[in-house]
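Right, one structure below, let's go through it.
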Amino acid sequence: MANIAFLGLGNMGGPMAANLVKAGHWVAGYDLVESQKRAAAETGVSVMGSAREAVSGADIVVTMLPAGRHVLAAWDDFLPAAKKGALIVDSSTIDVDSSKRAHEAGQAAGMLTLDAPVSGGVGGATAGTLTFMCGGSADAFARAKPALEAMGKRIVHCGGAGAGQAAKICNNMILGATMIATCEGFALAEKLGLSAQALFDVASTSSGQSWSLTSYCPVPGPVPTSPANRDWKPGFAASLMLKDLKLAQEAAASAGVAIPLGAQAAQLYALFVSGGHGGDDFSGVINFLRGAQPP
Ligand code: NAD
């Protein structure tokens, strides 16, 4: 069992650190917010007074923070206090450029580094069923895998530094765009007098099929577990989808790639979120699209 430091004990990091404790690891945790520290202590995490204190002696350090700037600042702060040769894993969802800079900083300090963003949300973090998308060397991946298995079900090595973040934002851009297309299909069907169930029965077994339709159907009825059946409570909040779509935009601009549908999806989610719906499930965008004026 490893000696692990966990920095960022929020909605995701709190339950992830708790699962590491359950698996028998010794976990030293740190967060900036008192209430998060108290909640983590109740799950068996040994809460420390600073990030530097938490990482000293750790074989593995995991960061689970809001955005790239938080990750770069945190790594900059704790790296001098970490053991040489320790493995530093960032599981936050951040921009690919910042992720690569974090890898460089970690390696310059003599550490092994891995980006390992997740999908599965708070439910998956609590149940220990997250998917980890990993970027880094084969050595870093092999060392991280046993600890990641305590928090997730699918651990995928996607390639070198930043490849995990690239996989995450490309996947979520596809998800955002297919959700909007699916919502538009149901909104159009309603106006054409076609029932939601009839459209579902056809599209779910035809070429319109996608995860957005068959697992997260944006209208109540056809898929009983989808958020539409509970007034579009998340699930996966629209504000988080918007964050990921903006990261895809940044990555595309930096790589010089055109993603017109991804850009349109980002604009539509920005309007939905600015209308006060950031906390709704992202499939709730159907309610916004139903109200949109035809051109
Ligand atoms: P959160 O805001 O609940 O938690 C982030 C925590 O980091 C906060 O408790 C904050 O106090 C802490 N923090 C900030 N700076 C810190 C520092 N320097 N040192 C220590 N702690 C610090 O966010 P979350 O929902 O747990 O998400 C974390 C990351 O996971 C984000 O990048 C998010 O995009 C990603 N993610 C979230 C979900 C989800 O469903 N919530 C799903 C997949 C990925």
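General remarks:
- Among all residues of the range 228-246, there is none that is out of contact with any helix residue (DSSP H, G or I) (no Cβ under 6 Å at 6 or more places or on another chain), over 24 Å from VAL122 (Cα atoms) and either among the aliphatic types (A, V, I, L, M) or not in a loop (DSSP other than H, G, I, E, B) (or both).
- The residue that is farthest from the ligand (Cβ to nearest atom), counting only those in the range 12-47 that are crowded, with 18+ Cβ neighbours inside 10 Å and among the charged types (D, E, K, R), is LYS37.
- Flag for ALA263 being within 16 Å of the ligand (Cβ to nearest atom) and either at pLDDT 95 or above or surrounded by 15 or more Cβ atoms within 10 Å (Cβ to Cβ) (or both): no
- For the range 119-131, the candidate set comprises residues that are assigned to a strand (DSSP E or B) and surrounded by fewer than 24 Cβ atoms within 10 Å (Cβ to Cβ); within that set, the residue that is farthest from the ligand (Cβ to nearest atom) is THR131.
- Any hit, the range 161-177, residues being more than 23 Å from PRO218 (Cα to Cα) and among the basic types (Lys, Arg): no
- Residue match in the range 99-109 (condition: farther than 28 Å from ALA237 by Cβ and within 11 Å of the ligand (Cβ to nearest atom)): no
- Given (1) buried (at least 24 other Cβ atoms within 10 Å of the Cβ); (2) near the ligand (Cβ under 9 Å from one of its atoms); (3) of a type in the set (A, V, I, L, M), number of the condition LEU87 does not satisfy: (2)
- Looking at the range 1-97, the strands (runs of 3 or more DSSP E) lying wholly inside it that each contain 2 or more residues that are under 16 Å from the mean Cα position of the chain (by Cα) sit at 60-63, 87-90.
- Test result for ILE60, in contact (Cβ under 8 Å) with a residue 40 or more places away in the chain and hydrophobic (A, V, I, L, M, F, W, C): yes
- Scanning the range 259-271 for residues that are among the hydrophobic types (A, V, I, L, M, F, W, C) and within 14 Å of ALA177 (Cβ to Cβ) gives ILE259, LEU261, ALA263, ALA265, ALA266, LEU268.
- Selection within the range 206-236 - within 17 Å of ASN172 (Cα to Cα), away from the ligand (no atom under 16 Å from the Cβ) and surrounded by 15 or more Cβ atoms within 10 Å (Cβ to Cβ): SER210, SER212, LEU213, THR214, CYS217, PRO218
- All of ASP77, ASP115 fail the test of being surrounded by fewer than 18 Cβ atoms within 10 Å (Cβ to Cβ), touching a helix residue (DSSP H, G or I) at 6+ places or on another chain (Cβ under 7 Å) and outside the structural domain of ASN172 (by TED's automatic domain parsing), apart from ASP77.
- Taken over the range 249-295, residues that are more than 23 Å from TRP232 (Cβ to Cβ), small (Gly, Ala, Ser) and assigned to a helix (DSSP H, G or I) amount to 6.
The values are calculated or read from the model by the stated rules, or taken from the named source; none is laboratory data. If you're wondering where the values come from, they're calculated on a predicted model, not measured in any experiment. Here Cβ is always computed from backbone atoms with ideal geometry, including for glycine, and neighbour counts include all displayed protein chains.
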